[in-house]
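Student: Provided herewith is a single structure, encoded as C-alpha cells, for subsequent inquiry.
The values are calculated or read from the model by the stated rules, or taken from the named source; none is laboratory data. Treat the numbers as computed from the prediction; the structure is a model and nothing was measured. Methodologically, a virtual Cβ is constructed for each residue, glycine included, from the backbone with ideal geometry; neighbour enumeration extends over all protein chains shown. In case anyone asks, the SASA skips ligands and DNA or RNA and just uses the protein heavy atoms, side chains included. Shrake-Rupley method; radii C 1.70, N 1.55, O 1.52, S 1.80 Å.
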Amino acid sequence: MKKLLCVIITMFAIQAGIAQSILPNGDFENWTQVGVAPDQVWQLDGNFWGTLNELKLLPPPTGPATVFRTDTVQSGQYAARMTSALMQYIPLNIFIPGMLGTALLDMPHATIHLGKPCPACKPDRFKGYYMFKPVGGDSCAVLLMVSKWNSETNSRDTIGYVRQDYKDAVDTYTAFDLPVNYTYSELVPDSITILLVSSGGFSVTNLMGGVGQVGSTMWADAITVDYPSGIQQIVGKEVAVNTFPNPATTVLTVVLGEKLNTGTMEVYDVNARHISTFLLTDVRSSIPIAYLANGTYFYKILDGKYFLNSGSFIVKK
C-alpha cells in the first residue's frame, strides 16, 4: 500500500486545441458518480482533472473519498470541494490530502501520473477562486508548473512554476491571480501540471511523506490560465472512456471518445496482478469477462506505448 501513493510526473499523448484561458471543465460543472452504492464517489467528466477518489473503490480497508461535487459555488451550478482525510491501513494511518488536478491514478502500477500535454505552452498567469476552512494551522495550496522532458537525464526540466499557500480561513470565494515565473525561458514546454490541494504539506514525489490535518477543506471554482495576447495553446484533449454495465457479469462494453491507432486495455486485479490484455480495434469494444471472479478490477488504456487513461469496474454475478 505504501507504493500506492508514490507519484511520478508524466506526459500524456493526447492533443487538441482549446480557446485561450479556458481549461477543459475548468468551471467544474460536469461530474459523474462512479462505483456502487454506498461506496460511490464523484469524478469530474473528461480526462483532464483527476482525484484520489478511486482509493474509495478498493476492497477493505478502502481509502477515503477526498474530492466532492458541491453546489457552494462562485459561479455556475457546481464547484469542487477537497477535504483531507486518513486512510486506515493497519498498522498505518496514511494521510490523504484532498487533491484535484491534472492527476491520473494508475492503480495497476501503484502510481499517480501528473501533467497534461501542452506543446509550447507558456501561460502568463494562473487564476481561479477558492475558499478555505483550515484545521489546526493547516494550509491549502494551488500550483501550476510547465515542464519539458529531458531525454538525456530521463527526467523533467521545470521551465515555469508558481505555487501559493493560504493559511487563513476564507469563508467567501476569493480570487487568486498568480504570475507564472519562468527560469529557462529559452526552453519550450511540452506539459502542464495543475494542482489544488486542501493540505499544503503534500509531496509531489511521495504522498506518503505528506503532512496535514484531517478535515482541512478547500473549495475551488472557475480555474483558468492566461496566455500572452493573441496566443492560442494546445492542452490535453478529453479522450473519454466509458465502461458499462457496472457491475458487469459476462461482457464489459468499452466506449472510447475516439478511435486509437493501436489501442489496448490491460486488466489488473486489486493486487496489481496483470490478468488480461484486450485489443481496442474500434471506438466501441466488447470485452469478455465471464471468467473473472466477483470483485473489483482496474484497467489502463494505452495507444501503443502511451498511457491514456485508467479506471475500474466491478464484476458481480
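Student: Take the stretch 41-58 and flag every residue that is out of contact with any Asp or Glu (no Cβ under 9 Å at 6 or more places or on another chain) and either loosely packed, with under 15 Cβ neighbours inside 10 Å or aromatic (Phe, Trp, Tyr) (or both).
Tutor: Within the stretch 41-58, Trp42, Trp49 meet the criteria.
Student: For Val142, are the conditions met, namely being assigned to a strand (DSSP E or B), modelled with pLDDT of 90 or more and open to solvent by less than 70 Å² (accessible area, probe 1.4 Å)?
Tutor: yes
Student: Collect the residues in the stretch 146-190 that are under 15 Å from Phe126 (Cβ atoms) and modelled with pLDDT under 90, keeping them in residue-number order.
Tutor: Passing the criteria: only Pro189.
Student: Checking Glu266 against (1) open to solvent by 10 Å² or more (accessible area, probe 1.4 Å); (2) under 19 Å from the mean Cα position of the chain (by Cα); (3) more than 23 Å from Ala37 (Cβ to Cβ), only one condition comes out false. Which one?
Tutor: Of everything listed in (1) open to solvent by 10 Å² or more (accessible area, probe 1.4 Å); (2) under 19 Å from the mean Cα position of the chain (by Cα); (3) more than 23 Å from Ala37 (Cβ to Cβ), Glu266 misses just condition (2).
Student: Picking from Asn242, Asn246, which residue would you name as being open to solvent by 20 Å² or more (accessible area, probe 1.4 Å), outside any strand (DSSP E or B), modelled with pLDDT of 85 or more and under 30 Å from Asp71 (Cβ atoms)?
Tutor: The conditions single out Asn246.
Student: Could you pull out the residue among Pro61, Pro123 that is open to solvent by 10 Å² or more (accessible area, probe 1.4 Å), outside any strand (DSSP E or B) and more than 24 Å from Asp168 (Cβ to Cβ)?
Tutor: Pro61
Student: Name the residues in the stretch 145-186 that are of a type in the set (A, V, I, L, M), in contact (Cβ under 8 Å) with a residue 40 or more places away in the chain and surrounded by 15 or more Cβ atoms within 10 Å (Cβ to Cβ), would you?
Tutor: Across the stretch 145-186, the qualifying residues are Met145, Val146, Val170, Leu178, Val180.
Student: Here's a follow-up. Hey, could you check the stretch 269-316 for residues that are at pLDDT below 90 and of a type in the set (Lys, Arg) and say which is surrounded by the most Cβ atoms within 10 Å (Cβ to Cβ)?
Tutor: Lys300
Student: Return yes or no: is Leu86 in contact (Cβ under 8 Å) with a residue 12 or more places away in the chain, closer than 17 Å to Val67 by Cβ and exposed (fewer than 15 other Cβ atoms within 10 Å of the Cβ)?
Tutor: yes
Student: Does the stretch 105-115 contain any residue that is on the phi > 0 side of the Ramachandran plot, in a loop (DSSP other than H, G, I, E, B) and crowded, with 17+ Cβ neighbours inside 10 Å?
Tutor: Yes: one or more hits.
Student: Still on this structure, please answer the following. Considering only the stretch 105-139, how many residues are touching a helix residue (DSSP H, G or I) at 6+ places or on another chain (Cβ under 6 Å) and modelled with pLDDT of 80 or more?
Tutor: 0
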